[in-house]
Amino acid sequence: MSAAETRPDLRSLALARSAAAAQAAGRATAGLTALDHATGRLLDVVERMDEATAHGSSLCPGWTRAHVITHLARNADALVNLLTWARTGIEHQMYASRADRDADIEEGAARHWRLLAEDLRAACERFTAAAARLTEDSWRAEVVGSRGRPIMAYDIPWMRLREVWVHLVDLDRDVGFGDIPDDHLKPLLDDAVVHFRGRADVPPMRLHVDLPDGSQRVWEVLSPVSGNPVSVRGQAASVLAWLTGRGDGMALAGELPDLPPWI
């Protein structure tokens, strides 16, 4: 066999790389489109508050709505760090530390409602601008999240989408999991399962989910804990609410295991 015959087909490799980059960028773009809708809903809800409402209790134990709004702003900035890491190849951790993250939220939650709203809007705009700077190849980069797990850059918009929808519910302003668009539910369930997968404090589970289009999909939550997985079944919105600790699971079928707090 000649050297020419054993040499890699550089054109084929380039085409494969280009196709992979386009696929990554496509997933990111779909996430950003979904996120644009959710962010618009979030900003509208916050803009309709007033000082008393913003500092009233949220559905997050121990947090006011101002805490939730501040967390959403700082989460956007933390994910900008990951987008910057993906674009430049230079490490940018989400948060300096968990203590710093918590301190920023506590400090920010004391502000006037109008400052909270302006901060949130500006942080959302920074995220959008940072995402627009990534190339197709950049969306294929691997970074590391706050839990020390590797994350593909193209999943970052979906991470943000989960934060926005879950905490929109936490604001307790007439938005529930039933308001999440049908085409957002499947990727949000993907994200929730990844959040729990492989953790020793989560029992193995098999989730039989009825999707809005009438189809059913099964998700498996793998765990280092031994034993047969428990089976849980229900509508997509109800399963997502239960997984994220925002639903009691009464609408679900099966023996529901105890889940750790969603953080």
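Since every read-out is calculated from the coordinates, none of them should be taken as a lab result. As the structure is a computational prediction, the values presented were derived from the model and not from experiment. All Cβ positions, even for glycine, are placed from backbone atoms using ideal geometry, and neighbour counts span all protein chains on display.
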Within 10 Å of each residue's Cβ, count the other Cβ atoms and sort Ile69, Ile151 from fewest upward. Ile151, Ile69
If you rank Met159, Met250, Met152 by fewest surrounding Cβ atoms within 10 Å, what's the result? Met250, Met152, Met159
Over the chain, the quotient of the Cα radius of gyration and 2.2 N^0.38 Å is 1.11
Could you state the angle between the C-alpha long axis of helix 113-132 and the longest principal axis of the C-alpha atoms of the chain, as a value from 0 to 90 degrees rounded to the nearest 10? 10
With Pro181 itself left out, Lys, Arg at +1 and Asp, Glu at -1 over residues whose Cβ is under 13 Å from its Cβ give -3
The residues Asp77, Asp102, sorted from fewest to most surrounding Cβ atoms within 10 Å, come out as Asp102, Asp77
By how many degrees, 0 to 90 and rounded to 10, does the Cα axis of helix 65-88 deviate from the longest principal axis of the chain? 10
Around His37, with a cut-off of 13 angstrom between Cβ atoms, what is the net charge of the other residues, counting Lys and Arg +1 and Asp and Glu -1? -3
